[in-house]
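Taken together, the values in this text are just the output of simple stated rules run on the coordinates, not laboratory data. Nothing here was measured: the structure is a model prediction, and the numbers come from that model. FYI the Cβ positions are ideal-geometry reconstructions off the backbone, even for glycines, and counts take in every protein chain you see.
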Amino acid sequence: MSQKSQPCELIEKCNFFNSLQVDAVRRGWELWFCKNPAKFEQCERKKLRINGKTPANDMTPTGRFLHEYPDYE
Ligand code: SF4
């Protein structure tokens with residue numbers, strides 16, 4: 001029996017996650033961070049939020065910006 005794990009608690013109001021328009025890109029970040037309990041506590045966006053700071057919308061969970069990733073348009 002498998003129990004569905006919960007996503008990051010910030011997912012509904014996360015400007016980064018909710019701005020992803022391309023399904024494949026969105027799915028990639030879901031699997032890597034946003035719906036991966038083993039990773040979302042390490043999200044750099046979340047760390048900033050916990051410290052009362054607001055990350056830029058295009059800052060990814062790794063701390064890099066989307067435009068810094070090769071092949072991302
Ligand atoms: S980008 Fe970070 S803060 Fe936003 S939903 Fe994903 S894991 Fe949570």
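So for region 11-68, what percent of the C-alpha to C-alpha distances run longer than 14 Å? Present the calculation step by step, with values, prior to reporting the outcome.
Numbers: 853 of 1653 pairs.
That fraction is 52 percent.
Quickly work out the Thr62-to-Leu31 label distance, labels modelled 7 Å from Cα along the C-beta direction, and quote it in nm with one decimal.
In this crude spin-label approximation the distance works out to 1.5 nm.
List the longest stretch of the chain that has no exposed loop site; here a site is one of the trypsin sites (Lys or Arg not before Pro) assigned by DSSP to anything other than H, G, I, E or B, with at most 12 other Cβ within 10 Å.
On the way: sites that count: Lys4, Lys53, Arg64.
That would be 5-52.
Treating the beta-carbon of each Lys and Arg as +1 and of each Asp and Glu as -1, no other charges, what is the dipole magnitude of the chain about its Cα centre, to the nearest 20 debye?
Its charge dipole is roughly 340 debye.
Return a single number: how many Lys pairs in region 11-68, at a sequence separation of 8 or more or on separate chains, have alpha-carbon atoms below 16 angstrom apart.
6
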